[in-house]
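Everything below concerns the one structure shown next.
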Amino acid sequence: MTDSFFLRVESRVERLAEIAEFVETAARAAGLNDEQVYDVQMAVDEACTNVIEHAYHGDPHGSLELTCATRGKEWVITIRDFGARFDPQKVKMPKTGDPLSKRRIGGLGIFFMHKLMDRVTYDFSEGAGNCVTMIKKLGK
């Protein structure tokens, strides 16, 4: 990986703006266009909000570690936390075709992450925390 960027912040909603600026700087350095920058900012915002709300349950004393880098023809962002684990397989994807009144609450954040990015993977290795990796292809 080259052009690596790193940010560590507390698990506070107030830090989301700083995260968005960090992501924009890293994405632009990698050559992503305006639409791609917007996509990755939205996906990262969803992922970080999920960590703050669900992994740390609003506890502002947790931390998020973000690493961005180019890897070949891909821009890769990794978000690591040490909060509660979750099983992404248990999150039911929303039925976006249903009327709003019939939709279940939840699952939209993960849905958007997968729609906005080219690939999203999860790793919950013992002792290494929870890790979400999202990839956007360069040159699209």
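Some points to look at:
- Total residues in the range 24-66 satisfying the condition of being in contact with a helix residue (DSSP H, G or I) (Cβ under 7 Å, 6 or more places away or on another chain), part of a helix (DSSP H, G or I) and of a type in the set (A, V, I, L, M, F, W, C): the figure is 9.
- Filtered residues of the range 84-140 (kept if of a type in the set (Gly, Ala, Ser), in contact with a helix residue (DSSP H, G or I) (Cβ under 6 Å, 6 or more places away or on another chain) and at pLDDT 85 or above): 84
- From 43, 69, residue being under 20 Å from residue 109 (Cβ atoms), among the hydrophobic types (A, V, I, L, M, F, W, C), crowded, with 17+ Cβ neighbours inside 10 Å and touching a strand residue (DSSP E or B) at 6+ places or on another chain (Cβ under 8 Å): 43
- Answer residue from the range 8-23, given it is assigned to a helix (DSSP H, G or I) and among the hydrophobic types (A, V, I, L, M, F, W, C) and is surrounded by the fewest Cβ atoms within 10 Å (Cβ to Cβ) among those: 17
- Only one of 26, 43 that is closer than 17 Å to residue 133 by Cβ and over 13 Å from the mean Cα position of the chain (by Cα): 26
The values are calculated or read from the model by the stated rules, or taken from the named source; none is laboratory data. Keep in mind it's a predicted model, so treat the numbers as computed, not measured. All Cβ positions, glycine included, derive from the backbone under ideal geometry; neighbour counts span all protein chains shown.
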